[in-house]
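The values are calculated or read from the model by the stated rules, or taken from the named source; none is laboratory data. Since this is a predicted model, take the numbers as computed values, not measurements. A quick note on method: Cβ atoms are made from the backbone with ideal geometry, for glycine too, and the neighbour counts reach across all protein chains shown. Side chains included, ligands, DNA and RNA excluded: accessible areas come from the protein's heavy atoms. Shrake-Rupley method; radii C 1.70, N 1.55, O 1.52, S 1.80 Å.
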Amino acid sequence: MVKTTRDTISINDCQILAHYKFEAEQYILTLESKEIAESTRPGQFVHLSVSGMLSMRRPISVMSVDIENGSFCLLYTSDAADEEDSVDLGGRR
């Protein structure tokens, strides 16, 4: 589903393809969205919201884009990522 606002912002539902630990306290999250993969380049930012119930979004830099597969990867660090019930993307406690 894509909704466009002000011709510069779109809201996309993405599917999580992979989520794994990279190095130290860094994690890679691979998401599927053809629209984002085609219009975004590494170094640009996406705002990530985990739930429609939470109004606060996190800006995270795009690490890589795979246009052919319609996916992109985000690299983030988090102190909360090791906890089973909580992942605070991009933040520190």
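See the values below:
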{"quantity": "Rounded accessible area of ARG57 (nearest 10 Å², 1.4 Å probe)", "calculated": "140"}
{"quantity": "Modelled FRET efficiency - R0 25 Å, GLU35 with LEU75, Cβ distances, 0.05 increments", "calculated": "0.75"}
{"quantity": "Cα-projected label distance for ASP13 with GLU68, points at 7 Å along beta-carbon direction, nm", "calculated": "2.9"}
{"quantity": "Probe 1.4 Å, all protein chains present, accessible-area order of THR40, THR77, largest first", "calculated": "THR77, THR40"}
